[in-house]
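The values are calculated or read from the model by the stated rules, or taken from the named source; none is laboratory data. Computed from a predicted model, the values in this text were never measured in an experiment. Counting neighbours? That spans all protein chains shown, and the Cβs are built from the backbone with ideal geometry, glycine included.
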């Protein structure tokens with residue numbers, strides 16, 4: 001009996017080691033193949049991939065996908081191992097692998113544009129097919145540069161080259177405009193970036209408030225980014241209901257967090273330390289004219305937003321984390 005128990009213990013211990021080895025191999029394979037794919041992405045954007053490079057990249061892409069599958073398989077096996085042995089070490093392994101998976105997924109979703117992760121994702125689709133077609137490469141790179149969900153109209157002859165030259169010229173113009181704006185900001189001049197805001201909004205507008213923004217200014221002397229937002233559908237009576245107020249507070253907070261994660265605002269980040277929102281509603285005067293009046297003003301430090309990122313926000317406590325002027329929908 002003792003020999004049997006000892007044999008069972010050794011078998012369980014061996015299975016546990018195998019599970020941990022699977023997780024380590026999967027993690028190592030994921031990191032190494034991802035770094036290799038990132039390297040090949042830069043090469044692919046710069047020039048066509050050679051035959052040998054396409055073979056190596058194709059193998060790396062399949063190993064990358066296999067590592068992801070192996071990682072989740074290891075997590076499942078660790079869970080089954082815990083259920084059969086009740087080993088506390090397995091609990092820590094499950095917690096660590098789950099947190100690491102969540103962190104990786106969150107990083108990818110939040111930083112995919114800023115760190116060019118979308119480019120590697122697009123290249124992975126090509127590498128996994130061992131594709132090295134020059135024309136296909138140009139088409140995909142063109143889509144990567146657009147970053148807009150709209151169809152490219154086919155062009156004849158050398159139209160593709162002309163289109164690429166036009167995009168390159170547009171990017172150069174944007175770079176010159178940005179340099180001019182940064183120079184003005186260094187001199188302490190307030191700049192209006194409303195047009196840039198509207199251009200970015202066409203590419204992606206993750207929050208309902210984006211399209212309601214009428215004016216955006218960076219005020220370097222005050223160290224703040226000011227936004228003026230119009231809500232023509234609002235009136236004073238709507239804010240008599242406390243639930244409407246709490247819902248609006250949450251939308252304000254989510255909007256601020258959304259702005260703070262915008263990658264295109266990064267070049268301006270050193271010139272503002274806070275966000276200022278002026279929310280305006282529509283009112284009809286006695287002479288039947290419509291005017292917009294400010295019903296809420298919110299000022300919030302960028303550093304405060306960073307501290308609260310990823311944590312639960314209680315909409316009742318907006319005034320505790322930000323400077324708020326609000327009088328139930330009346331003018332402030």
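For the stretch 284-321, filtering for residues that are surrounded by 14 or more Cβ atoms within 10 Å (Cβ to Cβ), in contact with a strand residue (DSSP E or B) (Cβ under 9 Å, 6 or more places away or on another chain) and over 27 Å from residue 219 (Cβ atoms) leaves 0. Restricting attention to the stretch 263-283, the residues being under 24 Å from residue 324 (Cβ atoms) and surrounded by fewer than 14 Cβ atoms within 10 Å (Cβ to Cβ) number 2. Checked against (1) at pLDDT 85 or above; (2) surrounded by fewer than 14 Cβ atoms within 10 Å (Cβ to Cβ); (3) at negative phi, residue 188 meets all criteria but (3).
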